[in-house]
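Chemist: One structure coming up, written as structure tokens, with questions to follow.
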Amino acid sequence: MEVYLDNSATTRCFEEVAQLMMKIMCEDYGNPSSMHHKGVEAEHYIRHALETLARILKVNEKEILFTSGGTESDNIALIGTAMANHRAGRHLITTKIEHPAIMQTMRYLEDQGFRVTYLPVDGQGRIRLEDLKQAVGRDTILVSIMHTNNEIGTLEPIAEAGEIIKKRNPHTIFHVDAVQGFGKFRIYPSRMNIDLLSVSAHKIHGPKGAGFLYVNDKIKISPIIYGGGQQKGMRSGTENVAGIAGLARAAELMYENLDADMERLYRLREMFLQGISKIDQVKVNGCAGKEGASHIVSLSVRGIRSEVLLHALEDRGIYVSAGSACASNKPMPSATLKAIGVERDLLESTIRFSFSIFTTEEEIRYTLEALYDIIPMLRKYTRH
């Protein structure tokens, strides 16, 4: 039996999305900048995608900027905002548990002379709103807070944060990395005071290499890619028409039955956690219940290195990750786990299970039975 529980790393593409993209690549393959019929066909797919995503977010079509995915969206949001607004201030705020696409970009901006405040989090990974309130000042031009943590699934208080930011400084731009939240939650930027929102297609059963950045049309932001002037000069380069169409269709499918799908996932998550509670010395990281995402469970298994457990599960056909896929092949301990106070001996003993709408009860039961066998066996052979 094969059980794929690494959906926070990437998801299986919807069959309908793959078929749509194949048709575009093999039949409707024109360049959307071309003036002939093939180009008009391609431009139609982009127009439909803009309409679809704008409807889901309840924003204007002109506020959607297509990118290659979450990392590029985050880079445009941070670098583009910093460069366009540096005369108003050079202070940026983020958290200690952000994705590397945010953390590394902030380090770059520090090298460019910007000052960055890294907000701490509590033991469940949530920021303290009072810390945010104290950090925002007259020279704060940007705050970036993720919606859903990619390693432990904690949901940040985005709406409350947006309200605080705008009360403290109406000119401060609020960016949200929603790569793990879009398609699982209803996110309405205008209601939540969000100015910039990053999304990636391959986390919602769409293609890799496609994503978008919502950009409030009232804010100043500079392009970081120059060329032929596509997308009103904000992101030059021939549009990935198949990827854009696939992204939009995947988003439509995710939101068609969102409430029912997420309730089922929360039930599966609770079933999994109840089963895990029967195993000694296993710690669940992050928030319980609906304060955490429905699709992510982080476990620290005392006495067993994460790589060992990962490969033991793989031998049973179960695919998981040792923390974030973007950092799981690096030797450095997870910044997120350190920030929430995970004990030192557990930092290298943490596994992430992440579900999708395709995950079944049978797969959860099979995984639990495998863990009941594997963990005692591995502990028996672990040197103390």
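Chemist: Which longest uninterrupted range of the chain lacks any chymotrypsin sites (Phe, Trp or Tyr not before Pro) assigned by DSSP to a loop state (not H, G, I, E or B) and surrounded by at most 15 other Cβ atoms within 10 Å?
Modeler: 30-225
Chemist: Taking only protein heavy atoms and a 1.4 Å probe, what accessible area per residue, in Å², does the chain have with all protein chains in place? Can you show the working numbers first?
Modeler: Working: 17110 Å² over 384 residues.
Value for the chain: 45 Å² per residue.
Chemist: Right, another one. First obtain the Kirkwood hydrodynamic radius of the range 1-116 from its Cα pairs, then insert it into the Stokes-Einstein equation at 37 °C and 0.692 mPa s, and state the resulting D in µm² per second as a whole number. Don't skip to the end; give the middle numbers.
Modeler: Values: Rh = 17.7 Å.
D = 185 µm²/s.
Chemist: Now a separate question. What is the range 173-219's relative contact order, in percent, from Cα pairs under 8 angstrom and six or more apart in sequence? Spell out each step's value before the answer.
Modeler: Working: 65 pairs, mean separation 17.2, N = 47.
So the answer I get is 37 percent.
Chemist: Once you keep just the Cα pairs under 8 angstrom separated by 6 or more residues, what percentage relative contact order results for the chain? List each step's numbers first, then the result.
Modeler: Values: 741 pairs, mean separation 87.5, N = 384.
Relative contact order of the chain: 23 percent.
Chemist: Also: Rounded to the nearest percent, how much of the accessible area of the chain (1.4 Å probe, protein heavy atoms only) is carbon and sulfur? Each step should come with its number before you reach the end.
Modeler: Details: 8650 of 17110 Å².
That fraction is 51 percent.
Chemist: Please work out how much accessible surface ASP111 shows to a 1.4 Å probe, ignoring ligands, DNA and RNA, in Å² rounded to 10.
Modeler: Roughly 130 Å² of ASP111 is accessible to a 1.4 Å probe.
Chemist: Taking every DSSP beta bridge that has both residues in the chain, what percent is antiparallel when rounded to the nearest 5? Before the final figure, lay out each step's value.
Modeler: Values: 22 of 42 bridges.
Percent antiparallel among DSSP bridges in the chain is about 50.
Chemist: Let me ask something else. Counting only GluC sites (Glu not before Pro) that sit in a DSSP loop (anything but H, G, I, E, B) with at most 10 other Cβ atoms within 10 Å, what is the longest stretch of the chain containing none of them?
Modeler: Looking at the chain, 28-384 is the longest stretch - no exposed GluC sites (Glu not before Pro) with at most 10 other Cβ atoms within 10 Å.
Chemist: Right, here's the next one. Would you mind counting up the charge near GLU314? Only other residues with Cβ under 11 Å from its Cβ, with Lys and Arg at +1 and Asp and Glu at -1. Working shown, then result.
Modeler: Working: positive: ARG316; negative: GLU2, ASP6, GLU307, ASP315.
Here the charged neighbours net out to -3.
Chemist: Just one of [x] 19.2; [y] 35.5; [z] 18.2 is mean projected area of the Cα convex hull in nm² calculated from these coordinates, so which is it?
Modeler: So the calculated entry is the one marked [x].
Chemist: If you take every DSSP beta bridge fully contained in the range 68-196, what fraction is antiparallel? Give it as a percent rounded to 5. If you can, show how the numbers build up before the last one.
Modeler: Details: 2 of 17 bridges.
Looking only at bridges with both residues in the range 68-196, the antiparallel portion is about 10 percent.
Chemist: Cα-Cα over 24 Å: which of LYS184/LYS290; LYS58/LYS220; LYS203/LYS283; LYS58/LYS133; LYS184/LYS220; LYS58/LYS232? Walk me through the intermediate numbers first.
Modeler: Numbers: LYS184/LYS290 12 Å; LYS58/LYS220 21 Å; LYS203/LYS283 26 Å; LYS58/LYS133 28 Å; LYS184/LYS220 29 Å; LYS58/LYS232 21 Å.
With Cα atoms farther than 24 Å apart: LYS203/LYS283; LYS58/LYS133; LYS184/LYS220.
Chemist: Excluding residues on the same chain fewer than 8 positions from LYS278, give the lysines whose Cα lies under 20 Å from its Cα.
Modeler: Within the straight-line cut-off, LYS278 pairs with LYS380.
Chemist: Using a Cα-Cα cut-off of under 18 Å, which aspartates and glutamates could be cross-linked to LYS62, ignoring same-chain neighbours fewer than 8 residues away?
Modeler: Candidates past the 8-residue exclusion: GLU43, GLU51, ASP195, ASP217, GLU239.
The values are calculated or read from the model by the stated rules, or taken from the named source; none is laboratory data. Values in this document were obtained by computation on a predicted structure and should not be read as measured data. Please note: Cβ atoms are built from the backbone with ideal geometry, for glycine as well, and neighbour counts cover all protein chains shown. With ligands, DNA and RNA removed, areas are computed over all heavy atoms of the protein, side chains included. Shrake-Rupley method; radii C 1.70, N 1.55, O 1.52, S 1.80 Å.
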